[in-house]
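The values are calculated or read from the model by the stated rules, or taken from the named source; none is laboratory data. All values reported here derive from a predicted model rather than from experimental measurement. Cβ atoms come from the backbone with ideal geometry, glycine included; neighbour counts cover every protein chain shown.
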Amino acid sequence: MKHIILFLLISVFTLPSWADNLLLFINSDDQLQQQQVNVFNHLLFEEKIRGYETVYIIDLAQEQRPFRGEAEYIHDDQGFYSAKYLPTQTPQVMVVGRQGVRQSYRLTDFLGHYLPPSAKEFP
């Protein structure tokens, strides 16, 4: 009996995480997208956007910009992430699971779900 319980405990703690990651593709050369990312980051800080294992901001701009925030910032200067996930526009949000991209949204549509009605006219 002890062996079965031990096996079950080990199995539970060694299972891979099934939570989705959230990827936000931006081009920080665009001033408007910088403002939208600030709104996105503020919602992350207030924990209004939850349920994702890791949140990444993937910047497709020519030059890397300084970034401070709740998400992990990646400057995709070599195009690795854009080639792997193929965003069709910037800014674009993708929910990525173990099997690949599960959902894709325009950033304005994604943020509209989390913002109060009075703030729907954000940048």
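Is it true that some residue in segment 61-81 is at pLDDT 95 or above, in a helix (DSSP H, G or I) and surrounded by 12 or more Cβ atoms within 10 Å (Cβ to Cβ)? Yes: segment 61-81 contains one or more residues that are at pLDDT 95 or above, in a helix (DSSP H, G or I) and surrounded by 12 or more Cβ atoms within 10 Å (Cβ to Cβ). Whether any residue in segment 3-16 is of a type outside the set (G, A, S) and either modelled with pLDDT of 85 or more or within 19 Å of T108 (Cβ to Cβ) (or both) is what I want to check. No, segment 3-16 contains no residue that is of a type outside the set (G, A, S) and either modelled with pLDDT of 85 or more or within 19 Å of T108 (Cβ to Cβ) (or both).
Mind checking which residues of segment 82-96 are assigned to a helix (DSSP H, G or I) and surrounded by 12 or more Cβ atoms within 10 Å (Cβ to Cβ)? The answer is S82, K84, Y85. If the condition is being out of contact with any Ser or Thr (no Cβ under 8 Å at 6 or more places or on another chain), exposed (fewer than 14 other Cβ atoms within 10 Å of the Cβ) and charged (D, E, K, R), then segment 24-60 contributes E46, E47, K48, R50.
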